[in-house]
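Trainee: Encoded as structure tokens, here's the structure I'll be asking about.
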Amino acid sequence: MALNLKTTVKMIRRFVSLGLLVLLATGVAALTTGPRQVAQFEREALRCAREVFRHPGHYSGNDYVIELNNQPIRETMIRNAKISFAGLKQGDLEKFKGGDFDFAALKDATDISVAAFIEAAAVNELVNREVRRIAAKRRIFADVAIVFAAGQVRVSGKIDMKKVPGNPFMFMPQSMSPFDVTLSVRSEGSQLMLDIISGEMNNQPLTPELSKMFLDWLNPLWDFAALPYQAALDQLHITPAGVEFSGRLFW
């Protein structure tokens with residue numbers, strides 16, 4: 001069931017950093033936002049920023065604005081995005097354009113706001129690319145396919161249940177299990193939470209116990225309060241065409 005679990009979370013984190021910074025963690029540990037996840041967020045945000053600053057921008061009042069249209073950032077095609085850096089000084093801009101900055105310099109230099117749209121096909125490519133990057137012995141998912149609808153996502157594929165934390169039968173030999181599940185993502189205060197709308201595994205409906213096991217593993221997908229600076233995902237709209245989102249960082 002659990003959609004692209006760790007891969008989905010990496011997708012969300014990339015949306016958050018692509019979307020909060022300049023714009024969804026592999027492994028099999030719990031997903032609680034902690035020091036390791038915060039460090040991953042910062043590394044991804046910095047990489048995104050360095051790619052974004054390679055594109056031309058312009059000043060609009062006190063904001064330096066970069067707009068993307070059908071351009072890749074971190075290997076993901078961005079249908080369109082508007083990234084605004086408030087109060088960016090000319091000296092800082094020259095350093096950023098040259099890639100001569102770290103995350104601390106980015107944080108100290110400016111406030112950032114982003115609005116972006118990523119098409120469904122690009123999200124599917126991102127998810128399957130991340131699945132392939134996981135070492136085979138740690139890979140939980142295979143043959144993942146995602147279909148977007150209004151406010152929800154249907155995910156199908158295969159899952160290796162013996163690698164899922166909390167599975168009471170993980171010690172038993174198990175083959176990859178086909179799954180098909182429909183989920184939604186919602187905000188709850190500073191947290192992004194995943195809900196299961198419906199689903200099945202091995203052609204059988206998900207039991208309440210199995211749904212709870214997955215949700216306890218997955219949630220929260222992300223907790224902005226865990227970051228040592230201000231960050232927020234203001235909007236997240238899932239549509240048949242893809243994902244639209246906006247957010248802020250360092251305001």
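The values are calculated or read from the model by the stated rules, or taken from the named source; none is laboratory data. Because the structure is a prediction, the values reported are computed rather than measured. Neighbour counts run over all protein chains shown; Cβ positions are idealised from the backbone, glycine included.
Trainee: Can we say GLU125 is at pLDDT 80 or above and either assigned to a loop (DSSP other than H, G, I, E, B) or of a type in the set (Asp, Glu) (or both)? Spell out how you get there, then give the answer.
Mentor: Values: at pLDDT 80 or above: yes; either assigned to a loop (DSSP other than H, G, I, E, B) or of a type in the set (Asp, Glu) (or both): yes.
Yes, satisfied.
Trainee: May I ask you to list the residues in the stretch 72-95 that are surrounded by fewer than 16 Cβ atoms within 10 Å (Cβ to Cβ), of a type outside the set (D, E, K, R) and assigned to a helix (DSSP H, G or I)?
Mentor: GLN90, GLY91 - these are the residues of the stretch 72-95 that are surrounded by fewer than 16 Cβ atoms within 10 Å (Cβ to Cβ), of a type outside the set (D, E, K, R) and assigned to a helix (DSSP H, G or I).
Trainee: Residues to consider are ASP180, ASP223; find the one that is charged (D, E, K, R), closer than 30 Å to MET77 by Cβ and at pLDDT below 85.
Mentor: None of the others qualify; the one that does is ASP223.
Trainee: How many of the residues making up the stretch 37-71 are among the aromatic types (Phe, Trp, Tyr), out of contact with any strand residue (DSSP E or B) (no Cβ under 6 Å at 6 or more places or on another chain) and part of a strand (DSSP E or B)?
Mentor: Going through the stretch 37-71 one residue at a time, the tally reaches 1.
Trainee: With respect to ALA105, determine if the residue is in a helix (DSSP H, G or I), touching a Gly at 6+ places or on another chain (Cβ under 9 Å) and surrounded by fewer than 17 Cβ atoms within 10 Å (Cβ to Cβ).
Mentor: Numbers: in a helix (DSSP H, G or I): yes; touching a Gly at 6+ places or on another chain (Cβ under 9 Å): no; surrounded by fewer than 17 Cβ atoms within 10 Å (Cβ to Cβ): yes.
Considered against the rule, which asks whether it is in a helix (DSSP H, G or I), touching a Gly at 6+ places or on another chain (Cβ under 9 Å) and surrounded by fewer than 17 Cβ atoms within 10 Å (Cβ to Cβ), ALA105 comes out as no.
Trainee: Report, by residue number, each residue of the stretch 53-75 that is acidic (Asp, Glu) and under 29 Å from ARG129 (Cα atoms).
Mentor: GLU67, GLU75
Trainee: For the subset of the stretch 204-229 comprising residues that are part of a helix (DSSP H, G or I) and of a type in the set (A, V, I, L, M), which member is farthest from PRO35 (Cα to Cα)?
Mentor: Among those residues, the one meeting the criterion is LEU210.
Trainee: What are the residues in the stretch 221-251 that are under 22 Å from SER84 (Cα atoms) and charged (D, E, K, R), if any?
Mentor: Selection gives ASP234, GLU244, ARG248.
Trainee: Filter the stretch 188-213 for residues that are within 24 Å of VAL243 (Cα to Cα) and either loosely packed, with under 15 Cβ neighbours inside 10 Å or touching an Asp or Glu at 6+ places or on another chain (Cβ under 7 Å) (or both) and give the result.
Mentor: Within the stretch 188-213, GLU188, GLY189, SER190, GLN191, ASP195, ILE197, SER198, GLY199 qualify.
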